[in-house]
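*Asks:* Have a look at the structure that comes next, please.
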Amino acid sequence: MMNTFSPSGVRRRDLIRAGAQLAAVVAVSPMAKALARVQGGGAAAAPPPPATGTQLVLLGTQGGPNVNLRRSQASNAVLVDGRPYLVDCGYGAVRSLVAAGIGYAQLGTAFITHLHDDHTVDLAALLSLQWTGNRMQPTDIYGPDGTAAMVDAALAFMKGNTDIRVTDEGRTTRPEQLFHGHDVAAATAPVQVFKDDRMTVTASENTHFPDRAKASMRYRSLAYRLQTATRSIVFTGDTAYSKNLVALATGADLFVCEIIDQPQYEANLLLAQQAKAQGRENSVAQHIVETHSNNADVGRMAAEAGVKTVVLSHLLPGSNRNVVAEYPDSSYIDGVRKTFQGQVIVGRDLMVL
Ligand SMILES: [Zn+2]
Ligand SMILES: [Zn+2]
């Protein structure tokens, strides 16, 4: 299908689809000077993002493990004076990095919220492509317990490619020398997990994994707050309502929050009740209603934290339909606004805020 671009490079058809809500955001927001850009798959790479300031780029806004032709799996980039940082790396992250004009060669730091594959599955591709593309600087991946082992497994996945190219192309640096995973603490109060000359990152455990599951596994789920000289951006990760998250997000400029649409939430609530009545405590439906956030949860957390702007991403699961229309933006926004009076933006892949 042909894409139609306006002179400014914004695809008109998708802008129309994004609707008046996005237009209003661009018109009235303090972020109006930032480029709000909505593109679909197949578009040419965007020009590089601005070299100064802090920008959030939504790389993938789909919730859950489906492969969706309109949205990539969970992934975000934050650019600080042109330097990219990654938060989550679901399927499609690498393509979106290229489409956003960021690329993957210069990416040296990534944060993983939890080890569900819709947040990690492009990591092996990212590291392999970086090494094959001759990246010679380290890439560090931070995440909850199990992240370092996952990076080691990605290196194992790459071993054949590494051995072949070392032997055949005379390469002298192996990926093991460059790519490192770091397990960070899952705590109830914010803990600093990263700091460099442009950013400080703190993390708290959220409520994506129920206590009965945590009793039988070491895996945990995190939310991150990225603080730069000019902005604070909180990534909720996947979570239900979380007091830890409210504390982490207090006063944040951007609250990038997952959301499950209300009809799907209610349908899964019914299925979970039926499963429980049949003696099944654990089910996919129970997981969805117990460990994700509906409109009311998002609005409540945003209001209690006093954030300035809510950015809805990881849209679950109504947005995953490739054929029927998406759940309308207005319904998400109206639901959140019942308790939160600030700005609410429904995310789209490659939106820049
Ligand atoms: Zn997820
Ligand atoms: Zn998850």
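The values are calculated or read from the model by the stated rules, or taken from the named source; none is laboratory data. Please read these numbers as outputs of a predicted model, since none were measured by experiment. Glycine gets a Cβ as well: all are built from the backbone with ideal geometry, and neighbour counts include every protein chain shown. Note: areas computed on protein heavy atoms with side chains; ligands, DNA, RNA excluded. Shrake-Rupley method; radii C 1.70, N 1.55, O 1.52, S 1.80 Å.
*Asks:* Give me the accessible area of Asp297, 1.4 Å probe, in Å² rounded to the nearest 10.
*Replies:* 30 Å²
*Asks:* Sort 337-349, 75-87, 262-274 by packing, meaning the average of other beta carbons within 10 Å per residue, with the highest value first.
*Replies:* Answer by packing, highest mean first, reads 75-87, 337-349, 262-274.
*Asks:* Please compute the length gained on full extension between Asp81 and Gln192, using 0.36 nm multiplied by the number of residues separating them and subtracting their Cα-Cα distance.
*Replies:* That pair, Asp81 and Gln192, stretches by 37.8 nm at full extension.
*Asks:* Right, here's the next one. Rounded, prolate or oblate: which fits segment 204-353 when a ≥ b ≥ c are the square roots of the eigenvalues of the alpha-carbon gyration tensor, with rounded for a/c under 1.5 and prolate only if a/b beats b/c?
*Replies:* Verdict is oblate for segment 204-353.
*Asks:* Could you work out the percent of alpha carbon pairs in segment 97-240 separated by over 26 Å, rounded to a whole number?
*Replies:* 30 percent
*Asks:* For a 27 Å ceiling on Cα separation, which of these pairs sit above it: Lys214/Lys276; Lys159/Lys214; Lys195/Lys338?
*Replies:* Pairs exceeding the cut-off: Lys159/Lys214; Lys195/Lys338.
*Asks:* Hey, with R₀ at 25 Å, roughly what FRET efficiency would Gln106 and Asn66 work out to, going by the Cβ-Cβ distance, to 0.05?
*Replies:* My answer for the efficiency is 0.25.
*Asks:* Which net charge results when you count Lys and Arg as +1 and Asp and Glu as -1 among the other residues whose beta-carbon is under 15 Å from that of Asp163?
*Replies:* Result for the local shell: +1.
*Asks:* Something else now. Taking all protein chains together and a probe of 1.4 Å, list Val166, Val256 from the most accessible to the least accessible.
*Replies:* Largest accessible area first, the list is Val166, Val256.
*Asks:* Amide H of Thr207: which non-local residues (sequence gap of 5 or more, or other chain) have their own amide H closer than 5 Å, using H built in the peptide plane?
*Replies:* For Thr207, whose amide H was placed from the backbone, the distant partners under 5 Å are Ala240.
*Asks:* Continuing with the same structure: Could you provide, to the nearest whole Å², the per residue accessible area of segment 99-214 with probe 1.4 Å?
*Replies:* Each residue of segment 99-214 exposes 43 Å² on average to a 1.4 Å probe.
*Asks:* Quick one: pull the percent of accessible area on segment 40-132 belonging to carbon and sulfur, 1.4 Å probe, ligands and nucleic acids left out.
*Replies:* The C+S portion of the solvent-accessible surface of segment 40-132 is 58 percent.
*Asks:* Follow-up question, since we're still on this one. So, with +1 on the Cβ of K and R and -1 on the Cβ of D and E, and no other charges, what is the size of the charge dipole of segment 133-282 about its Cα centre, to the nearest 20 debye?
*Replies:* Approximately 180 debye in magnitude.
*Asks:* Give me the one-decimal nm value for the distance between modelled label points at Lys243 and Ala148, 7 Å along each residue's Cα-to-Cβ direction.
*Replies:* 3.1 nm
*Asks:* At 0.36 nm per residue, minus the direct Cα-Cα distance, what do Leu270 and Glu176 gain on full extension? Give it in nm, one decimal, please.
*Replies:* Going from the current span to full extension adds 29.0 nm.
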